[in-house]
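Peer 1: I have a structure I would like to understand better, so I am pasting it below and will then ask my questions one at a time.
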Amino acid sequence: MSVERVLRIESLRACAADTEILRGIDLEVRPGEVHAVMGPNGSGKSTLSHVLMGRPGYEVTGGSVTLDGVDLLGLTPWERAQAGLFLCLQHPIEVPGVSLEALLTEAARAGGRDPDAVREALATEAGSLGIDERLLDRPLNVDLSGGEKKRNEALQLGVLGARYAVLDEIDSGLDVDALATVSRRIQEATDEDGLGVLAITHFARLLEVLEPDRIHVLSRGTIRVTGGHELAEQLEAEGYAGVLGDAATEESETRVGLPHAAGFGEDPFA
Amino acid sequence: MAGEMRPCQIHQPSPARGRVLKRFTPDVSAALPGPDWMCTRRAAAVAGLGDVAHPDVGEEVWRYSRIDELDLERYLPSSQRPVANTGVDGFIADGAAATVVLCDGWIQSVYISEAATEADVLIGTVADLVSGPALLGAVLEAPVDLFGHLNRAFCPEPLAVVVPDGVRLDGPVVVVSHVATEGVAAFPRLVVHCGVDAEVAVVEVQTSDDVGALVAPVLEATVGRAGRLCHAVLQELGQRVWQMAHQEVHVGQDASGELFHAGLGGDYARTRTDSRLLGRGAECRITAAYFGDGAQALDYRTFLDHAAPDTVSELLFKGAVDDASRSVYTGLIRVRPEAVRTRANQTNRNIKLSPDAWAESVPNLEIETDDVMCSHASTISPVDADQRFYLESRGVPTIVAERLLLEGFFSEVVAAAPVPSVGDRLQRGLIEKLNRHSTVGAKGAV
């Protein structure tokens, strides 16, 4: 009996600081598909990405998430990663004293993969992402520019060989060239390795380079509208208010006290 | 600070101050070897013991310590050369300019390389040196506390390392200071003089057998003009040893004193460091790592005295406490009125690995002049949750993530080791402790 290959989110509800942020999310991402989740500030985009990875500070209050049949919500964050999930953080954390190679070597060891193969995989990935190999020996994310940090995230995604990637605002802090490079690498992974992608973004510009199969608009903790590329054009032209009606103006109530919601860029649709 | 105690030579009986020590007697002291001048000094120190105040947790310098648990009468000063077969760790001694083994404070063996001999470096018992009387106690007129007094009264064989002016030794001088005897009170003493424009690295490896013992080592060091002294301690004492160490370092004009400490062992292990920057442009750097587990207590007190213009000090103490262990760091930077343009930084960072562990951090500044740049920082926190989550999100199990973070936390101290093998050995000791932490953590999680 073969397992159905899909990252399936069903009726997912979650709280942060006693405030319900996710109010029933339904989404399915299959291998090789790219899904974009868009939404105004405070709509729950980042919460969704953190809840999927199991970041402390969020409480799941209902629903389920399965990855190729595995119940993700019953796993610790590192087990979710080993199951094939990758979270590309909006703000990659600086970790002084820990090198990328040490991290990925331990990840390989924990997953039963060959730890000695990490160095070569790193060099290959660095080459395709245009990362200076000298950066590989630096402590994780320390003194890296915003663009370098995101390339570094894409690099880890490649080396770890995840099956599904959640990209949380991967376009923030990226210049045009870096965005193109990172997007190209992700496209390559979807086309060649069947990576399933859930790209969470505030801006439509990511969609121009990432070419999602489906676009979902998140508002007040639920997916309100789903569509194809025409939805991106509508968002570009009318903003969230145009697509969602008056719902977009009621977001501010959920913005208070979110543990990881800080640091969004300026809202061009406001 | 409680640094101002009267010297033992002054006899002003005030029985209320001290307690009578039954086992630290004139007879034991008188049985120790040495020339007349040395025996006379010991006798004076013993005679003065009754006037010495016993440490009290009420004093700032003993606050947070476990001094009230110490029963001195459980220990007997070493009165004869122990019969022990103390080895020298080749890992450290490789390429050494000299290797000395002390056992319970007695000099057991001395090896001096040809290069060091040719350079007229003097290494051996102070008793044999013509300059001995001047050298011993040169930087330490009065002991800072009871244990300094006891060292003065009961140190059997002070060890001298004298590097003549202009001599630069390539390899380190390795001093293995071992404690071997059950119930002993050991008083090793190391006197280091780094001459004008000389350069030397001294590595002290402090070890013990699995004995219940008290060891109170004293280091006296001077660095002459433009000299460069590195002194590193690898403290790897056994689990039942109490240590009360004192280091006094005087740094001359344009000279530098670099002190390094790796605190891993002991039941209660305390090091007090007094560093005085006495000449214009003198520098002192103190870098330390400590890791307590079980019921250990690791206790560090630093006094950095800027007494000349354009002096620089840089202190970095990084520690971790696991299980029910405790650590103390208190530091005072004093900038005297004449020490204009002083630059001084004092940083203490602690990671608490267990809810029962406890760390204390008290950095202080006492600045008596303007035109200085001083800073101090101290933190006590658990492992950073965001950093741990980040590593976990890449597929690294929680305990491995913590180990990586702790290795990372200590890496700047390891990198600062003055001799590479000292850094390696510290790293190895830390990893052993981290593995123990991981094992216990894994058991706890089941």
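The values are calculated or read from the model by the stated rules, or taken from the named source; none is laboratory data. Everything quoted here is computed from the prediction, not taken from an experiment. Every residue, glycine as well, gets a Cβ built from its backbone with ideal geometry; the counts of neighbours run over all protein chains shown. Protein only, heavy atoms only, side chains kept; ligands, DNA and RNA dropped before computing areas. Shrake-Rupley method; radii C 1.70, N 1.55, O 1.52, S 1.80 Å.
Peer 1: Look through B:389, B:409 and report the one residue that is closer than 30 Å to residue A:166 by Cα, open to solvent by 20 Å² or more (accessible area, probe 1.4 Å), among the aromatic types (Phe, Trp, Tyr) and within 12 Å of chain A (Cβ to nearest Cβ).
Peer 2: From the options B:389, B:409, the qualifying one is B:409.
Peer 1: Of the conditions (1) within 30 Å of residue A:159 (Cβ to Cβ); (2) away from every other protein chain (no Cβ under 14 Å); (3) without any contact (Cβ under 8 Å) to a residue 40 or more places away in the chain, residue B:400 fails just one. Which one is it?
Peer 2: Evaluating residue B:400 over (1) within 30 Å of residue A:159 (Cβ to Cβ); (2) away from every other protein chain (no Cβ under 14 Å); (3) without any contact (Cβ under 8 Å) to a residue 40 or more places away in the chain leaves (2) as the failure.
Peer 1: Now for a different question. Starting from region A:141-159, take each residue that is more than 14 Å from chain B (Cβ to nearest Cβ) and more than 17 Å from residue A:102 (Cβ to Cβ) and list its partners that are among the charged types (D, E, K, R) and not in a helix (DSSP H, G or I), counting only C-beta distances under 7 angstrom and pairs at least six apart or across chains.
Peer 2: Within 7 Å, the pairs are A:147/A:175.
Peer 1: In region A:56-72, what residues are under 21 Å from residue A:26 (Cα atoms) and either within 7 Å of chain B (Cβ to nearest Cβ) or open to solvent by less than 10 Å² (accessible area, probe 1.4 Å) (or both)?
Peer 2: A:65, A:67, A:72 - these are the residues of region A:56-72 that are under 21 Å from residue A:26 (Cα atoms) and either within 7 Å of chain B (Cβ to nearest Cβ) or open to solvent by less than 10 Å² (accessible area, probe 1.4 Å) (or both).
Peer 1: Further question on the same structure: Just one of B:311, B:271 is polar (S, T, N, Q) and under 17 Å from the mean Cα position of the chain (by Cα); which is it?
Peer 2: Answer to the selection: B:271.
Peer 1: Need the failing condition index for residue A:75 against (1) among the hydrophobic types (A, V, I, L, M, F, W, C); (2) open to solvent by 20 Å² or more (accessible area, probe 1.4 Å); (3) facing chain B (nearest Cβ under 7 Å); (4) farther than 22 Å from residue A:143 by Cα, just the number.
Peer 2: Result: residue A:75 fails condition (3) only.
Peer 1: Among B:364, B:435, which is the only one that is away from chain A (no Cβ under 12 Å), without any contact (Cβ under 8 Å) to a residue 60 or more places away in the chain, within 25 Å of residue B:298 (Cα to Cα) and touching a strand residue (DSSP E or B) at 6+ places or on another chain (Cβ under 6 Å)?
Peer 2: The conditions single out B:364.
Peer 1: Something else now. Going by what's in this entry, would residue B:415 be described as surrounded by fewer than 18 Cβ atoms within 10 Å (Cβ to Cβ) and of a type outside the set (Ser, Thr, Tyr)?
Peer 2: Against the criterion (surrounded by fewer than 18 Cβ atoms within 10 Å (Cβ to Cβ) and of a type outside the set (Ser, Thr, Tyr)), residue B:415 qualifies.
Peer 1: Of A:62, A:130, which residue is under 22 Å from the mean Cα position of the chain (by Cα) and more than 30 Å from residue A:19 (Cα to Cα)?
Peer 2: Sole residue among the options that is under 22 Å from the mean Cα position of the chain (by Cα) and more than 30 Å from residue A:19 (Cα to Cα): A:130.
Peer 1: Among strands (runs of 3 or more DSSP E) lying entirely in region B:61-133, which contain 3 or more residues that are farther than 25 Å from residue B:169 by Cα and touching a residue at least 40 places away in the same chain (Cβ under 8 Å)?
Peer 2: It comes to none.
Peer 1: Under the condition of being buried (at least 24 other Cβ atoms within 10 Å of the Cβ) and β-branched (Val, Ile, Thr), which residue from region B:206-221 is farthest from residue B:245 (Cα to Cα)?
Peer 2: The extreme case among them is B:215.
Peer 1: Here's another thing I want to ask about it. Being touching a Phe, Trp or Tyr at 6+ places or on another chain (Cβ under 7 Å) and at negative phi is the filter here; which residues of region B:159-202 pass it?
Peer 2: Listed by number, the residues that qualify are B:184, B:185, B:187.
Peer 1: Does residue B:101 count as in contact with a Leu (Cβ under 6 Å, 6 or more places away or on another chain), over 26 Å from residue B:22 (Cα atoms), surrounded by 15 or more Cβ atoms within 10 Å (Cβ to Cβ) and assigned by TED's automatic domain parsing to the domain that holds residue B:358?
Peer 2: no
Peer 1: Name the residues in region A:77-96 that are charged (D, E, K, R) and more than 14 Å from residue A:56 (Cα to Cα), would you?
Peer 2: Scanning region A:77-96 gives A:79, A:94.
Peer 1: Restricting attention to region A:112-120, does a residue exist that is within 30 Å of residue A:42 (Cβ to Cβ), small (Gly, Ala, Ser) and not in a helix (DSSP H, G or I)?
Peer 2: No; the residues of region A:112-120 include none that is within 30 Å of residue A:42 (Cβ to Cβ), small (Gly, Ala, Ser) and not in a helix (DSSP H, G or I).
Peer 1: Name the residues in region A:218-238 that are under 23 Å from residue A:182 (Cα atoms) and touching a Pro at 6+ places or on another chain (Cβ under 9 Å), would you?
Peer 2: A:228, A:229, A:232
Peer 1: How many residues, within region A:78-110, are open to solvent by 20 Å² or more (accessible area, probe 1.4 Å), more than 7 Å from every other protein chain (Cβ to nearest Cβ) and closer than 20 Å to residue A:151 by Cα?
Peer 2: So the answer is 5.
Peer 1: Answer with yes or no whether residue B:29 is closer than 21 Å to residue B:180 by Cα, modelled with pLDDT under 95, of a type outside the set (Asp, Glu) and surrounded by 15 or more Cβ atoms within 10 Å (Cβ to Cβ).
Peer 2: In short, no.
Peer 1: Among the residues in region B:227-235, are any touching a strand residue (DSSP E or B) at 6+ places or on another chain (Cβ under 7 Å), under 28 Å from residue B:57 (Cβ atoms), open to solvent by 10 Å² or more (accessible area, probe 1.4 Å) and not in a loop (DSSP other than H, G, I, E, B)?
Peer 2: No, every residue in region B:227-235 fails to be touching a strand residue (DSSP E or B) at 6+ places or on another chain (Cβ under 7 Å), under 28 Å from residue B:57 (Cβ atoms), open to solvent by 10 Å² or more (accessible area, probe 1.4 Å) and not in a loop (DSSP other than H, G, I, E, B).
Peer 1: Moving on. Could you tell me whether region A:111-128 includes any residue that is out of contact with any Ser or Thr (no Cβ under 6 Å at 6 or more places or on another chain), surrounded by fewer than 19 Cβ atoms within 10 Å (Cβ to Cβ), more than 13 Å from chain B (Cβ to nearest Cβ) and under 26 Å from residue A:208 (Cβ atoms)?
Peer 2: yes
Peer 1: Return yes when residue B:144 is open to solvent by less than 50 Å² (accessible area, probe 1.4 Å) and out of contact with any His (no Cβ under 9 Å at 6 or more places or on another chain) and no when it is not.
Peer 2: no
Peer 1: Out of all the residues in region B:149-160, which are assigned to a helix (DSSP H, G or I) and open to solvent by less than 10 Å² (accessible area, probe 1.4 Å)?
Peer 2: B:149, B:150, B:151, B:153, B:154
Peer 1: Any idea which residue in region B:161-183 is farthest from residue B:62 (Cα to Cα), counting only those that are surrounded by fewer than 23 Cβ atoms within 10 Å (Cβ to Cβ) and among the hydrophobic types (A, V, I, L, M, F, W, C)?
Peer 2: Top of the filtered list is B:167.
Peer 1: If you take the residues in region B:257-296 that are free of Cβ contacts under 8 Å to residues at least 40 places away in the same chain and acidic (Asp, Glu), which one is least open to solvent (accessible area, probe 1.4 Å)?
Peer 2: Going through the qualifying residues, I end up with B:267.
Peer 1: Does residue B:303 satisfy being open to solvent by 10 Å² or more (accessible area, probe 1.4 Å), at pLDDT 95 or above and touching a Leu at 6+ places or on another chain (Cβ under 7 Å)?
Peer 2: Spelling it out, residue B:303 is indeed open to solvent by 10 Å² or more (accessible area, probe 1.4 Å), at pLDDT 95 or above and touching a Leu at 6+ places or on another chain (Cβ under 7 Å).
Peer 1: Kindly indicate which of B:367, B:399, B:333, B:351 is aliphatic (A, V, I, L, M) and assigned by TED's automatic domain parsing to the domain that holds residue B:425.
Peer 2: B:399
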